[in-house]
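To start, the structure itself, in structure tokens.
The values are calculated or read from the model by the stated rules, or taken from the named source; none is laboratory data. Since this is a predicted model, take the numbers as computed values, not measurements. Positions of Cβ are backbone-derived with ideal geometry, glycine not excepted, and every protein chain shown enters the neighbour counts.
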Ligand code: SF4
């Protein structure tokens, strides 16, 4: 697997992955020289080797070609498609996990829903880090509801997490998931619920997955933690604002739900979520009351 440095830790310990190569394409390894050297590093081991160009860029296709992969498979809509030897139809109606799997199994193979869930393998060190965090908060034996209030896209951040935490804290201990850049969002929750467990910036990606895996429920924006929950099998309530689950990136854990401001004519407005609302009101998120989200979350934890 060739991936970004930020995503590489997610693949640690994975029994299906022999080698993870972190490629800093936007930073220290920018440009053709490092790409050429990477191609030598990942050169095809035999003449029937297959490169799956899931990422879709011209650079990924060029890497597979330079590394002498005889079979190069990717989507028919990708920028790098002219460099592929087989192009698989990109169906907008499919979940992205299905689209990716179909690069390998083909467009007509039958796929079971359980095949679509990603898999992650937290290490003993990740489990210990979570054990210690919970013990520090006296929460080793308590039921947990995980909240993930962050997103790199500003308009995908639902502003009601602090109020939601207040309501849900009567049902379970609240754990806040995120990176160090989400600390200010955690602080807003802690101001309402001082007993919440702040895991932001305190666990790595697989440690966060481990903590989510121990929760009754994850409530999250349309962002990375919902995919961690899909892998760990934790029921998820995902709040969608400028995006919709129909884009193919909704939660996959059994019993998961998606919630959004239905009927708002401007939704969806962007494939990822714009940095700021182009209409200025951000109604897709602001008009989604915490009482509604809390009611769905309580239903989900009762089921
Ligand atoms: S335009 Fe509509 S969907 Fe897009 S961010 Fe604004 S309120 Fe949300």
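General remarks:
- The set of residues in the range 234-254 being in contact with a helix residue (DSSP H, G or I) (Cβ under 7 Å, 6 or more places away or on another chain), away from the ligand (no atom under 14 Å from the Cβ) and either closer than 15 Å to residue 96 by Cβ or assigned to a loop (DSSP other than H, G, I, E, B) (or both) consists of 234, 235, 238, 248, 249, 251, 252, 253.
- When the residues of the range 262-302 are filtered to those that are touching a strand residue (DSSP E or B) at 6+ places or on another chain (Cβ under 8 Å) and touching a residue at least 40 places away in the same chain (Cβ under 8 Å), the one that is farthest from the ligand (Cβ to nearest atom) is 301.
- Candidate set from the range 183-215 (those that are surrounded by fewer than 24 Cβ atoms within 10 Å (Cβ to Cβ) and out of contact with any helix residue (DSSP H, G or I) (no Cβ under 8 Å at 6 or more places or on another chain)); member that is farthest from residue 146 (Cα to Cα): 184
- Residue 164 vs. criteria buried (at least 21 other Cβ atoms within 10 Å of the Cβ), away from the ligand (no atom under 16 Å from the Cβ) and over 30 Å from residue 269 (Cα atoms): no
- Taken over the range 1-39, the criterion of being touching a residue at least 24 places away in the same chain (Cβ under 8 Å) and over 25 Å from the mean Cα position of the chain (by Cα) is satisfied by 35, 36, 38, 39.
- Single residue of 148, 104, 135, 129 found to be surrounded by fewer than 13 Cβ atoms within 10 Å (Cβ to Cβ) and assigned by TED's automatic domain parsing to the domain that holds residue 231: 135
- Exactly one residue among 215, 258 is outside any helix (DSSP H, G or I) and within 16 Å of the ligand (Cβ to nearest atom), and that residue is 258.
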